[in-house]
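The values are calculated or read from the model by the stated rules, or taken from the named source; none is laboratory data. What you see is a predicted model; the values in this text were computed from it and never measured. Note: ideal-geometry Cβ built from the backbone for every residue, glycine included; neighbour counts use all protein chains shown.
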Amino acid sequence: MSGQTAHRQYRALFLSDIHLGTRGCQADLLLDFLKYNDAETVYLVGDIVDGWRLKKSWYWPQEHNDVVQKILRKGRKGSRIVYVPGNHDEFLRNFLGTHFGGIEVVDSIIHETADGRRYLIIHGDQFDVVMRHAKWLAFFGDKAYGFALGVNTWVNAARRRLGFSYWSLSAWAKLKVKNAVNFIGRFEDVLAEEARRQGADGVVCGHIHHAADQDMNGIHYINTGDWVESCTAVAEHHDGTFEVIKWQQMQQEQYLPDRQEVPQAAA
């Protein structure tokens, strides 16, 4: 696609699992996304900051700070910003019902679409059996996941030099390992049932880093994905329809033609 990238204005944007404070966070791609996309309401659907990793070792480059500033700037320009904490930023659950920097902090919230449908907005870890009953196992899984992301970094450095696009080992494994596929399916079922229990028409969640937009027995299930593996977000258009935005794919298809490739440092 050629020409200048269009600026898009949505009714609502949903972002989750950014994991600021980790080396796996694709902050540069997120900054591109935030530059070209705005909304009346921006929902931060958990794991925006990775408190687990920051407790172990501090990692906070300028790009991560830029993401925070970009989001705060959207709030100053009139967007409503709603933060729904997840398990990695669960420390914010101590501040439910408060505002900071113009950002509302809530455990969950009902979003009403332009066409009058009601959607439960929640991170989803509350319905993860591993998180609720075996937190030590979740931490173990987090360590293994961090290792996979480290491998990703080396693999994709080589792929860039060879002219290939980004590829995620961890995302690939999720769709190949039977237990992971079964977990994703069960998670989707449970979140859809919770939306039904609350009298909602659908649910928008995060947590499992697997973007989705599908019908679950009459409940519209939407998962925002993440900004570590897939670099996806969800948007509600002004007519009430939803779209999963695959920003990395758009970039690879030269959706951002004015972006200059950063030269690789010599080995």
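Observations, loosely collected:
- Hits in segment 10-36 - residues which are among the polar types (S, T, N, Q) and either in a helix (DSSP H, G or I) or closer than 25 Å to Leu120 by Cβ (or both): Ser16
- Any hit, segment 194-216, residues being modelled with pLDDT of 95 or more and basic (Lys, Arg): yes
- Residue in segment 130-137 that is at pLDDT below 95, within 24 Å of Arg196 (Cβ to Cβ), of a type in the set (D, E, K, R) and within 18 Å of the chain's Cα centre (by Cα) present: no
- Number of the exception - Asp47 against (1) touching a Ser or Thr at 6+ places or on another chain (Cβ under 7 Å); (2) surrounded by fewer than 19 Cβ atoms within 10 Å (Cβ to Cβ); (3) not in a strand (DSSP E or B): (2)
- Considering residues of segment 235-250 that are more than 17 Å from Arg118 (Cβ to Cβ) and β-branched (Val, Ile, Thr) only, the residue surrounded by the fewest Cβ atoms within 10 Å (Cβ to Cβ): Val244
- Flag if Ser165 is at pLDDT below 90 and surrounded by 17 or more Cβ atoms within 10 Å (Cβ to Cβ): no
- Residues (crowded, with 19+ Cβ neighbours inside 10 Å and not β-branched (Val, Ile, Thr)) located in segment 217-234: His220, Tyr221, Asn223, Gly225, Asp226, Trp227, Glu229, Ser230, Cys231, Ala233
- Lone qualifier among Ala39, Ala6 - being assigned to a strand (DSSP E or B) and either of a type in the set (Gly, Ala, Ser) or without any contact (Cβ under 8 Å) to a residue 12 or more places away in the chain (or both): Ala39
- Some residue of segment 70-82 being part of a helix (DSSP H, G or I), in contact with a helix residue (DSSP H, G or I) (Cβ under 7 Å, 6 or more places away or on another chain) and modelled with pLDDT under 95: no
- Selection of segment 50-69 for residues being of a type in the set (A, V, I, L, M) and assigned to a loop (DSSP other than H, G, I, E, B) yields an empty set.
- First in segment 188-209 and of a type in the set (D, E, K, R), second anywhere and part of a helix (DSSP H, G or I), Cβ under 7 Å, 6 or more apart: Glu194/Phe127
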